[in-house]
Every structure is written in C-alpha cells, then in structure tokens.
Amino acid sequence: MVSKPVGNPSTSNKNSYFTTNPGKIKVIKDCWQYSGTSFNKKQREQKVDAGPNIYTVVKIEKTKKGTPRLLMKNGTFMTANKKYIEKA
C-alpha cells in the first residue's frame, strides 16, 4: 500500500484566507455580514451579494480557533476566505 503525502492543513488554509488587511474588497460569491467572529445564524446581520460594490476593511480579527475574519468599516465581520472575496 502506497501512502500519499498529507499537506499541512495550516499552510493550505493560510493560502485560502486573507491574513493581512486587504484594505478594500469586492464580493465574488454571495456571503453574509455578521455581528461577531463566530459566524453563527444568530449573528447574521445582512446578506451581501456578489457584484461591483467595494467594501472597506478596518482590520483582521481571528476566531478562537485562529480563522481570520474581516472587520468592516460598518462594524460587522465578513469572511476572509478568498473563495468569497477578492482585493479591490
């Protein structure tokens, strides 16, 4: 039996999330704005549709498990996942 190399999860995870403040972002896949970093349904504030709108990021905060979240200018949090957002 041949074993396959296992990738370092923290390395692959780091590449799929913004870990430094991108400044301004554009949503490329519909997502939500949340009141906290846990991203549970009780914290959902507003749905954000993909499109040309530009959003300002104040800073990056991390969850208790270390997942980066974007603190937005309006005080809500958005995902830092590059599948949902891109630098504007």
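Collect the residues in segment 12-59 that are open to solvent by 40 Å² or more (accessible area, probe 1.4 Å), over 14 Å from ILE85 (Cα atoms) and in a strand (DSSP E or B), keeping them in residue-number order.
If the condition is that a residue be open to solvent by 40 Å² or more (accessible area, probe 1.4 Å), over 14 Å from ILE85 (Cα atoms) and in a strand (DSSP E or B), then ARG44, GLU45, GLN46, VAL58, LYS59 are the ones that fit.
Just give me the residues in segment 60-81 being surrounded by 14 or more Cβ atoms within 10 Å (Cβ to Cβ) and assigned to a strand (DSSP E or B), in sequence order. Explain how you work it out, then say what you get.
Kept after step one, since they are surrounded by 14 or more Cβ atoms within 10 Å (Cβ to Cβ), are these residues of segment 60-81: 60-61, 67-72, 76-81.
Listed by number, the residues that qualify are ILE60, GLU61, PRO68, ARG69, LEU70, LEU71, MET72, PHE77, MET78, THR79, ASN81.
Any residue in segment 49-61 that is in contact with an Asp or Glu (Cβ under 8 Å, 6 or more places away or on another chain) and not basic (Lys, Arg)? Talk me through it step by step, then tell me what you get.
In the first step, residues of segment 49-61 are kept if they are in contact with an Asp or Glu (Cβ under 8 Å, 6 or more places away or on another chain); the result is 49-50.
Subsequent filtering for residues that are not basic (Lys, Arg) retains 49-50.
Yes, the conditions are met somewhere in segment 49-61.
Give the number of residues within segment 51-82 that are among the small types (Gly, Ala, Ser) and within 10 Å of the chain's Cα centre (by Cα).
Of the residues in segment 51-82, 1 are among the small types (Gly, Ala, Ser) and within 10 Å of the chain's Cα centre (by Cα).
Among (1) at pLDDT 95 or above; (2) within 12 Å of the chain's Cα centre (by Cα), there is one condition LYS42 misses while meeting the rest; what is its number?
(2)
The values are calculated or read from the model by the stated rules, or taken from the named source; none is laboratory data. These numbers come from a predicted model, not from an experiment. Don't worry about glycine lacking a Cβ; one is built from the backbone with ideal geometry, like all the others, and counts go over all protein chains shown. Each accessible area value is taken on the protein alone, full model and side chains, heavy atoms only, with ligands, DNA and RNA left out. Shrake-Rupley method; radii C 1.70, N 1.55, O 1.52, S 1.80 Å.
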